[in-house]
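Novice: Okay, here's the structure, questions in a sec.
Rule-based calculations on the coordinates, nothing more; no lab input. Since this is a predicted model, take the numbers as computed values, not measurements. Here the Cβ is made from the backbone with ideal geometry for all residues, glycine too, and neighbour counts use every protein chain on show.
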Amino acid sequence: MAEHATYFADEKSRKAYLAKQIVLKVLVYLFLTIFALFLVAPFVLMVVGSFVNAENFYQFSENADFKQLGFQNWGFSNYKEVFNDTYIDNFGNIQPKKGNNFGVFFLNTFIVAIGSTTVTVVTAVLAAFAFARLQFKGREALFALLLATMMIPGEMMVITNFMVVRKLQWTNTFAALILVHGVSVFYVFYLRQTFQQIPNELYLAAKVDGVGDLGYLWKVMIPIAMPTITTIIILSMMGSWNSYVWPNLVASGSWRLNSKHSMLLVSNGLRSLFGQNTSGTMEAIKIAGAMVISLPLFLVFIFFRKYIMRGVSRSGIKG
Amino acid sequence: MVATENSIQGTETVFDPMKAKLISKRRRVSLPQWAVAWLVLIPALIFISMFMLYPIINTFLYAFIQNFKYEKGAGSFALGQFFTGISRGKVFTFGLSNFKLALSNETFIYSIGNTAILVIVEVPLTITVSLLIATFLNNIKVLKGFYQTIFFLPYVTNTIALGLIFNLAFSYSPGGFINVFLNKVFGVKDPINWLQSDAYKPGMMVSTKFTQGVVIVLYSLWNGIAFKILVFMSGLATIDSQYYNAAKIDGASNFTIWRRITLPLLSPQILYITITSFIGAFKMYTGVMAVYQGAESNQSYYFGSIPELPADRDGEAWIPIVGWIYRELEHNYDAPGIASAASLILLAIIMVITAAQFAVSKKRVHY
């Protein structure tokens, strides 16, 4: 805004204006910097805490002695502890984790993320195709019905889904984690909008060439909508990675098919790590655990920043 | 190559590939469009009807049937239970008793109060801060991308992980980062016990509802601004710079420009964010719980069970509505009537507030 030519009566008022603009700029940067520090602080704590030797971190937190945070003992020992098969309980005894380590949590989360993303993307692509391209009776009414479900708080569905999962004996199975959220109305909505932007002429041209409806979807629409589909894949993967409440309700024990295999996902696993031992020496290890489950998200963010921001801002504009 | 996916019937096998192409074009009996549409909708509709539509209807039934209880050997589904019950001569009465029970539960009322306080404090705060940050970001050139990335970071973090980090940062121990910071920068001598509700050292202060609330609000602010900034930024990007230039020529001050041009033109995004923030804040649960975790050194937390309100409520936990619903559901999973009624009350609150916002916005939002 400041760059546009503004005309002043004399040199003095021009200088006063410029001085005011500079002061404003400084204030703006000050405000932004303060909030940026506020946002970054937890990450700094996370990085520092995860690399400091657990004993040193304990000494630091007991005595507020910043020397203990020095670089001399930095290393990966906390990370090793996170992936360890045993843990030390509150009474100092070594306890086996019984398959409750982060390797297992990661494996579970990958299975759920890949499974539920596949189901979600397939259902969303097919449904969006029907709503965007095909003519059928009741199309608008059905779509309006779907949109209406977006307004209902998920907690209402959770109550019945929880009972259904119990009665189907799906508790502590992957089916409960993957299938119950097998379709996302928001993704159908988002993809439908992308599909609708594809010009009609392409569809008619494909018809003339003898390509059927599904052939058109596969060969024309999906390639054109690939950026949107990528966004959906990433957001859905991130959703599985962050899901906590539903897994906590239906899959917080060991796997129905193998009692030695824990069903916890990473978020739930992290919480169980925090509950295992409340003594101070565990703090650095807990921080390392938090780091371990945050890091993959950061990597995804660095590599797919464009897609993530696109999806998020799109969902904002089309509210 | 010719796609044959939808020529399910009617294509004859012809061995000459060149000929096959021509013939199949003519002989193809393709399905009518409506049939293809319903075919591709089947997977989505199965999931939607099973796990979305059915649960919605079902939860209404649970809420309005008095003394609904699951019985063994009556099928998996509530409707099945319902009809089996009727066929066995059981009389179901519809009524509002579940709502009465929920509303007469002290803890539920308490949780509504908690949620209301958090909503009233948190929503305006987060929206104001993110609106300011977005406007400022839009007006700078140097380091814009850098700041933008930092402000977006909370969006890609794990709620639980960062809640736990907040919990550690606000710990009472001498090295609790916030207390150290307050001590070094503002000279606060005695460490503040932000979260713990039990005194494990003699003479130690115990956290109050206020200190706990401060931590929860700060965490919600931290967790909530990324999405809002992004939405506001995308809205600001669509505002034509002509308006700004015209205002400048008229000699409007920066604040006037912001007040008279930026805000009105950003009003659709502000409305959207206000509505989603209110809904999100009323459904708040994970954040509150993550911040608390570890504060209660209780062994029953082992595998992440739902936080209990202390029996004597000394800790004055900030249990939110959703937290209460889940707790009720876990305790009485065979009789989900009260939890369902509570979730309908939550829905009603959300709908009333959303409707009120739309009503207010009619005058103030410019599309």
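Novice: Neighbour counts of other C-beta atoms within 10 Å: give me B:PHE170, A:PHE143 arranged from fewest to most.
Specialist: In increasing order of surrounding Cβ atoms, one gets A:PHE143, B:PHE170.
Novice: Shifting gears a bit: Which residues' amide hydrogens lie under 5 Å from the amide hydrogen of A:SER254, considering only partners 5 or more residues apart or on another chain, with H built in the peptide plane?
Specialist: A:MET263
Novice: While we're on this one: Please list, in order, the residues from segment B:139-178 whose amide nitrogen is less than 16 Å from a point placed 7 Å along the Cα→Cβ vector of A:LEU30.
Specialist: none
Novice: If amide H atoms are built 1.01 Å from N in the plane of the peptide, which residues on other chains or at least 5 residues away come under 5 Å of the amide H of A:GLN95?
Specialist: Amide H to amide H, under 5 Å and 5 or more residues apart or across chains, A:GLN95 pairs with A:TYR87, A:ILE88, A:ASP89.
Novice: Where Rh is the Kirkwood radius over the Cα pairs of segment A:199-261, the temperature 37 °C and the viscosity 0.692 mPa s, what D in µm²/s does Stokes-Einstein return?
Specialist: 214 µm²/s
Novice: Got a sec? How would B:PHE186, A:PHE83 order by Cβ neighbour count within 10 Å, fewest to most?
Specialist: If I rank by nearby Cβ atoms, fewest first, I get B:PHE186, A:PHE83.
Novice: When a footprinting reagent is the concern and you count Cβ atoms within 10 Å, what order do B:LYS209, B:LYS248, B:LYS189 take, fewest first?
Specialist: So the ranking, lowest neighbour count to highest, is B:LYS189, B:LYS209, B:LYS248.
Novice: Using only Cα positions of segment A:19-63, each an equal point scatterer, no hydration layer, compute I(q)/I(0) via Debye at q = 0.22, 0.24, 0.25, 0.32 Å⁻¹ and quote the log10 values to two decimals.
Specialist: Log10 of I(q)/I(0), two decimals: -0.76, -0.82, -0.84, -1.00.
Novice: In sequence order, what are the phi-derived ³J(HN,Hα) couplings for segment A:137-149 according to the Karplus relation 6.51 cos²θ - 1.76 cosθ + 1.60 with θ = phi - 60°, rounded to whole Hz, with x for glycine and proline?
Specialist: 5, x, 4, 5, 5, 5, 5, 4, 4, 4, 4, 5, 5
Novice: Given all pairs of different Cα atoms, what value in angstroms does the Kirkwood hydrodynamic radius of segment A:11-96 take?
Specialist: This gives a value of 17.0 Å.
Novice: Additional query: For chain A, what are the per-bin percents of Cα-Cα distances with bins 20 Å wide, up to the bin holding the maximum?
Specialist: 23, 43, 27, 7, 0
Novice: Hey, another quick one. Which whole number in µm²/s is D for segment A:162-252 by Stokes-Einstein, with the Kirkwood Rh taken over Cα pairs at 25 °C and 0.890 mPa s?
Specialist: Estimated via Stokes-Einstein, D reaches 156 µm²/s.
Novice: Take the cross-link list A:LYS260/B:LYS209; B:LYS283/B:LYS362; B:LYS100/B:LYS363; A:LYS137/A:LYS207; A:LYS286/B:LYS184; B:LYS228/B:LYS362 and give me the ones stretching past 30 Å between alpha-carbons.
Specialist: Violating the 30 Å limit, Cα to Cα: A:LYS260/B:LYS209; B:LYS100/B:LYS363.
Novice: Mind listing the phi-derived Karplus ³J(HN,Hα) values for segment B:272-282, rounded to whole Hz, using 6.51, -1.76 and 1.60 with θ = phi - 60°, and x for any glycine or proline?
Specialist: 4, 5, 4, 5, 5, 5, 4, 4, x, 5, 5
Novice: So what are the ³J(HN,Hα) numbers for segment B:41-51, from phi and the Karplus equation (6.51, -1.76, 1.60; θ = phi - 60°), rounded to whole Hz, Gly and Pro as x?
Specialist: These are the phi-based 3J(HN,Hα) values: 7, 3, x, 4, 5, 4, 5, 5, 6, 6, 10 Hz.
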